[in-house]
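Please read the structure below before turning to the comments.
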Amino acid sequence: MSNESRSKLVRGLICVAVGLIIWLLPPPGDLEPVAMHLLGIFIATILGLILQPMPQGAVVITAVAITAITKTLPIGDALNGFKDSTVWLIVSAFLFARGLIKTGLGRRISFMLVKAFGKSTLGLGYALALSDTVLAPATPSNTARAGGILFPIVRSLCSSMDSEPGPTARRIGQYLMFNSFQICVVTSAIFLTGVAPNSLIATLAKENFGYEVTWLGWLWASLVPGIISIAILPYIFYKLFNPELKHSPEAPALAERELAKMGPMTTAEKGMLTVFILVLLLWATAQWTGLNATAIALLGVAILLILGVIDWQDVLAEKGGWDALIWFGGLVGLAAGLSKVGLIGWLATALESALGSIGSWFLAFILVVIAYKYAHYFIASMTAHATAFFVPLALVAISAGAPLELVILVLGFFNSLNASMTHYGTGPAPIYFGAGYIDQATWWKNGFITSLINLVVWLGAGSVWWKIIGLW
């Protein structure tokens, strides 16, 4: 047995052992034993997502199978999450991302912005930030967006300006790499469809608190702190890294060469752009039209198929989307089951009683957000983080008197902003860190600084904005 296989086995046994211990614990209060059984499976699943003895889809499908075979939940309830509309919103958005990459529209948009704004190093940082912001609403895989579309462009720009890992990294590469990653973290927070775990947050909010998160409602609440973050972060990183190269005439030249190679906009690109704009408009006006966000996304996919922008083989080959369907749908079913067996209600009552002595709900809310954020030092997945901490910490804040809508949305934003600190906090992090331009100590130091900036912007200016729009 190889060392890797032995390590996976040990990690798997840890998950099983923890699950069994919780399974055998006596239920608190008037809960039935089935509540502890399901909690044991759920906690073991979370550990599986963190320790990764198997891919996350395999972990979740195993948990669903055990839940059904032990009759902890009826098979219909165990599979209930796979019919959740938010699950299919994610799958649809993955297919949009595939269209952006396949047609080359994502690269074209990025190179056009670099050509227009990339004459200085700082302008180049903003051009890449705008590129990510434009692409984010239709790419729920931040790995596909930042890693698949933007990273190759950033890497090419660094090389074109003679900045490579090692002695020339500070020339421009450190700045561009760190800035591009951190902006991806922010755009993931701004849009409900900016990263897949946002939709998990929305589903957990609906299942556990009865609150319906809308695409426009999420954007409206994130808009002001998101704009401030995108406006100031490239400049702050410019000062932190102080790149040796202040002007970048090679960047527009490179962009112009790449655009020339791509030629005129193809029919497929035009079709992709049209559908992209149509879907965004329909999402933005859904509160007036009454159209469901998932129905709009599915309509967009259907039009892309009809126009031939993507074909059925593209749909079948979209591994990221179908993987998300498995792990997300399974988690939704398990999370909904916790409410059905009464565990969430019991926890809410217990927390409300315990927090009765706290005088200020706002203080409790701030402490909850800080705890939620910095717990991500110990987790390498936004999905695992949301699954482990969203419901219990939301209950803590709500039990202290914090407004329900405020708690759900802000914890949703910070589920993405959490990833700013480490080189493993979300999918794009190891891609940008692995490029070799920034050592771990520098990444962690500036990642922590970024986390403090995000707290000030989102809890400072954000709180003022949330007061204006009536969230508290």
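The values are calculated or read from the model by the stated rules, or taken from the named source; none is laboratory data. Just so you know, these numbers come straight off a predicted model, no measurement behind them. Neighbour counts run over all protein chains shown; Cβ positions are idealised from the backbone, glycine included.
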query = Does region 302-345 hold any residues that are within 21 Å of residue 213 (Cβ to Cβ) and among the β-branched types (Val, Ile, Thr), and which are they?
reply = 332, 344
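Results for (1) in contact (Cβ under 8 Å) with a residue 40 or more places away in the chain; (2) under 22 Å from the mean Cα position of the chain (by Cα); (3) over 27 Å from residue 58 (Cα atoms), shown as yes or no for each residue.
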position: 299; (1), (2), (3): no, no, yes
position: 307; (1), (2), (3): no, no, yes
position: 312; (1), (2), (3): no, no, no
position: 323; (1), (2), (3): yes, yes, no
position: 334; (1), (2), (3): yes, yes, no
position: 339; (1), (2), (3): yes, no, no
position: 344; (1), (2), (3): yes, no, no
position: 347; (1), (2), (3): yes, no, yes
Breaking point among (1) out of contact with any Asp or Glu (no Cβ under 7 Å at 6 or more places or on another chain); (2) over 22 Å from residue 232 (Cβ atoms); (3) crowded, with 24+ Cβ neighbours inside 10 Å, for residue 181 = (2)
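Report whether or not residue 432 is crowded, with 24+ Cβ neighbours inside 10 Å and out of contact with any Pro (no Cβ under 6 Å at 6 or more places or on another chain). Walk me through it before giving the result.
Values: crowded, with 24+ Cβ neighbours inside 10 Å: yes; out of contact with any Pro (no Cβ under 6 Å at 6 or more places or on another chain): yes.
The answer is yes for residue 432.
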ask   = Is it the case that region 258-280 has a residue that's crowded, with 16+ Cβ neighbours inside 10 Å, in contact (Cβ under 8 Å) with a residue 60 or more places away in the chain and outside any helix (DSSP H, G or I)?
value = no
query = Which of (1) part of a loop (DSSP other than H, G, I, E, B); (2) of a type outside the set (A, V, I, L, M, F, W, C); (3) at negative phi is the odd one out, the single condition residue 166 does not satisfy?
reply = (3)
request  = Using the structure shown, decide if residue 129 is in contact (Cβ under 8 Å) with a residue 60 or more places away in the chain, closer than 29 Å to residue 384 by Cα and assigned to a helix (DSSP H, G or I).
outcome  = yes
query = When residues of region 417-466 are filtered for being in a loop (DSSP other than H, G, I, E, B), modelled with pLDDT under 90 and among the aromatic types (Phe, Trp, Tyr), how many remain?
reply = 1
request  = Being farther than 15 Å from residue 421 by Cα and not hydrophobic (A, V, I, L, M, F, W, C) is the filter; apply it to region 366-400 and report the residue that is surrounded by the most Cβ atoms within 10 Å (Cβ to Cβ).
outcome  = 387
query = Scanning region 132-144 for residues that are part of a helix (DSSP H, G or I) and either among the polar types (S, T, N, Q) or in contact (Cβ under 8 Å) with a residue 60 or more places away in the chain (or both), which turns out farthest from residue 189 (Cα to Cα)?
reply = 144
query = Just checking, how many residues over region 281-322 are aromatic (Phe, Trp, Tyr) and outside any helix (DSSP H, G or I)?
reply = 0
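Only one residue in 193, 187 is part of a loop (DSSP other than H, G, I, E, B) and under 14 Å from the mean Cα position of the chain (by Cα). Which one?
Values: 187 fails: part of a loop (DSSP other than H, G, I, E, B).
After applying the criteria, what remains is 193.
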ask   = Can you name the residue in region 150-172 that is closer than 19 Å to residue 126 by Cβ and polar (S, T, N, Q) and, of all such residues, is surrounded by the most Cβ atoms within 10 Å (Cβ to Cβ)?
value = 163
